[in-house]
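Encoded as C-alpha cells, the structure appears first; notes follow it.
What follows draws every value from the coordinates through simple rules; no lab data is involved. These figures come from a predicted structure and were not determined experimentally. Note: ideal-geometry Cβ built from the backbone for every residue, glycine included; neighbour counts use all protein chains shown.
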Amino acid sequence: MPSFLAGILRNFLVAFGVVIGASVFAGISAIIANKPPLEAMMEIAGSIKIWAMAIALGDTFSSFKAIEKGIFQGEFLSIVKQGAHVVTALLGANAAYGYIRLIQRLGALWGE
C-alpha cells in the first residue's frame, strides 16, 4: 500500500480508536462511580472528537509546514494531501461517535 493511503488509513483508525477507547473507559468509570455508563460514554465521545483528530494528525508543525509550502511555493498537491489527512481523521472521529450513538440507541431499545 502506498505511504499516502497508509497514512490516511492510520489517521482514520487512530481517531476512531481514541474516541472508542475514551468512551469505553468513561463507561467503566461511570459503572465504578454508580452512574449511567451510556450517558458518560456519549458525553466523552462528543467532547473528545476534536482531540482525537489532533492526535491522529500527530505532528501538527509538519502539517502547517506542508500547507505553507503549498501556498507560498505553489505546491498545491501538498495542500490537498494535508486536507485529505484532516478530513479522514475527522471522519474517523465522527464514525466512532456514530458507533457510540448506535450503542446508546440499541441500549435504549433493549431496556424497554
Query raised in the report: Nearest 20 debye, what's the magnitude of the dipole of the chain about its Cα centre given +1 on Lys and Arg Cβ and -1 on Asp and Glu Cβ?
Result: 100 debye
**Report entry** Angle in degrees between helix 3-32 and the longest Cα principal axis of the chain, rounded to the nearest 10
**Finding:** 20 degrees
Requested in this report: Could you tell me the distance between the Cα centroids of the range 71-110 and the range 26-59, to the nearest Å?
Outcome: 16 Å
**Report entry** lysines with Cα under 22 Å of LYS69, excluding same-chain neighbours fewer than 8 positions away
**Finding:** LYS81
Report task. Using the charge dipole of the chain (Lys, Arg: +1 at Cβ; Asp, Glu: -1 at Cβ; taken about the Cα centre), state which of ALA93, ASN34, VAL80 has its Cα farthest towards the positive end. Result -> VAL80
Requested in this report: On a 0 to 90° scale, report how tilted helix 60-72 is relative to the longest principal axis of the chain, with both axes built from alpha carbons and the result rounded to the nearest 10.
Outcome: 40 degrees
Query raised in the report: By how many degrees, 0 to 90 and rounded to 10, does the Cα axis of helix 76-111 deviate from the longest principal axis of the chain?
Result: 10 degrees
Report summary line: Reviewing (1) 9.9; (2) 8.3; (3) 6.2, the figure for mean projected area of the Cα convex hull in nm² actually calculated from this model sits under (2)
